[in-house]
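Take a look at the structure below.
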Amino acid sequence: MERQDSLELSPPRVGSISGLGSSATQASLATLSSVLPPAVAAAGAEPIRMVLAGPPGGGKGTQADLIKKRWGAEHLSTGEILREEVKNDTELGRQAKEYMDRGELVPDDIMLRLVRSRVEKHDSFILDGFPRSLPQAEGLDQMLADLQKPLTAVVMLDVDEEVIVKRLLARGRPDDTEDVIRNRLKVYQQQTLPAIAHYRQQGLVESVPAAGAMDLTKELVHHRIENRLNKMVTLPAPISSSSLLEAPSTPGFSAQELLIQIDRLAEQGKAPYATSWTDQQRADLTQATKALLTSAIEARSAITLPELTKAAKLDIDQEVQAAELSPQLQKAGLVAMAIGGLSVGLGLWQSSPILGAVGVAVLASGALTSALHWTGAERHTQNAKALSGARDLLEGWSVTTPPPQAQP
Ligand code: AMP
């Protein structure tokens, strides 16, 4: 089947662009892959080659297994491979052990050789825990260019530091003491984030909020991968003005300056567009970025790009929380309805108009809560999907845009 290049336009800001792919095709593809066993679904399909990034303890292993189940890609966890080498007391294991015990990175040349030997053997793979530094990312780019196996996406699981420390302490691996964990997080900030910035610049990053329930994270991750496989680009959803006002003031490149420069940067190829996108997709994304910036500037005239990114993250976090809370409120509404119904019954039986009236009120509010949240979770999930696209785009622009003092 020939894939269509298409744009997925995020509701409610943007309508569908006709002639750019049909949602029916996307829906039938999604249905097909959900009913076929992974091996069948993967056979003949486009290979998926991805980097699963995110802090240690961010849930990469769990999500990698779920991606493997769905698409049949090989899960290459460098941490696991290294632990295996240490266990078997190989030459490589002995070299790596001292670094691993301290929570430091094993030297890049050792890692690149190790990864190449695995990547050569598989057409579809999920790299988990690699690359962890800018030289590793550049080495990987070179390796994949040699092997003619371009990356589909870099999916980045986004979790706050405190959540991670708690999760890792609960996991209790020998290298999971609080000091070593804090050191691994420091290494992540200093060495791994630059590697992710490198991929942002290439338009490859899809960041997914991953602090919440595993199922929700899975849905958001799979949606992002499907988009990439179908060459869809998620366009920015509007960021709420309350989030824009709440974002703390951060120095940096202003949204206004970027708005003025944006066409020039796009022309110079400095925009964060994936190489696989069509000219039309790039142009549409430029337009959508401008619309997003314009509406943000209207809400707060001097807003900077880092602030705008923070505001988008704030919005996503709120949507994710709401998506998780919705089913609970729905249940609470049903309980309230049951209690209300009981009071109405009691009121009638006891001929007590007050009890009956209270019952009717509880019944009505219960029904309302349930109804409000029946579709709430789904809507919030959709918003979270769309907004994380907006955030990736803004971060991509922040990475590609030089700081203000470097401007002529
Ligand atoms: P992980 O299970 O991914 O947390 O990895 C455990 C340890 O293995 C890390 O703390 C590092 O010492 C080492 N390690 C795993 N992947 C890499 C990598 N890509 N580069 C350097 N060291 C790594």
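Here Pro236 does not fit the description of being farther than 30 Å from Gly376 by Cβ and crowded, with 20+ Cβ neighbours inside 10 Å.
Evaluate the following for Ala247: is it hydrophobic (A, V, I, L, M, F, W, C), under 23 Å from Lys313 (Cα atoms), touching an Asp or Glu at 6+ places or on another chain (Cβ under 8 Å) and crowded, with 21+ Cβ neighbours inside 10 Å? Spelling it out, Ala247 is indeed hydrophobic (A, V, I, L, M, F, W, C), under 23 Å from Lys313 (Cα atoms), touching an Asp or Glu at 6+ places or on another chain (Cβ under 8 Å) and crowded, with 21+ Cβ neighbours inside 10 Å.
Any residue that is within 25 Å of Asp65 (Cβ to Cβ), aliphatic (A, V, I, L, M) and touching a helix residue (DSSP H, G or I) at 6+ places or on another chain (Cβ under 8 Å) - is there at least one of those in segment 175-184? Within segment 175-184, one or more residues are within 25 Å of Asp65 (Cβ to Cβ), aliphatic (A, V, I, L, M) and touching a helix residue (DSSP H, G or I) at 6+ places or on another chain (Cβ under 8 Å).
Rundown of residues vs (1) surrounded by 18 or more Cβ atoms within 10 Å (Cβ to Cβ); (2) part of a loop (DSSP other than H, G, I, E, B); (3) modelled with pLDDT of 90 or more, yes/no style:
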{"residue": "Ala271", "(1), (2), (3)": "yes, yes, yes"}
{"residue": "Thr275", "(1), (2), (3)": "no, yes, no"}
{"residue": "Thr286", "(1), (2), (3)": "no, no, yes"}
{"residue": "Glu324", "(1), (2), (3)": "no, no, no"}
{"residue": "Leu334", "(1), (2), (3)": "no, no, no"}
{"residue": "Ser343", "(1), (2), (3)": "yes, no, no"}
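Among residues of segment 322-336 that are under 14 Å from Gly212 (Cα atoms), those with a beta-carbon under 8 Å from a residue that is modelled with pLDDT of 75 or more and of a type in the set (Ser, Thr, Tyr) at least six positions away or on a different chain give the pairs Ala323/Thr381.
Within segment 154-190, the set of residues being over 24 Å from Glu98 (Cβ atoms) and more than 23 Å from the chain's Cα centre (by Cα) comprises just one member, Ala170. All conditions but one from (1) under 22 Å from Arg173 (Cα atoms); (2) at pLDDT below 95 apply to Ala42; the one that does not is (1).
Taking the criterion of being closer than 26 Å to Asp141 by Cβ, modelled with pLDDT under 95 and under 24 Å from the mean Cα position of the chain (by Cα), would at least one residue in segment 236-249 satisfy it? Within segment 236-249, not a single residue is closer than 26 Å to Asp141 by Cβ, modelled with pLDDT under 95 and under 24 Å from the mean Cα position of the chain (by Cα). At least 1 residues being closer than 23 Å to Ala195 by Cα, within 10 Å of the ligand (Cβ to nearest atom) and in contact (Cβ under 8 Å) with a residue 40 or more places away in the chain is the threshold, and among the helices (runs of 4 or more DSSP H) wholly inside segment 36-137 those reaching it are 60-71, 78-87, 91-102.
The values are calculated or read from the model by the stated rules, or taken from the named source; none is laboratory data. Quick caveat, the model's predicted, so the values are computed rather than measured. We place every Cβ from the backbone using ideal geometry, glycine too, and count neighbours over all the protein chains shown.
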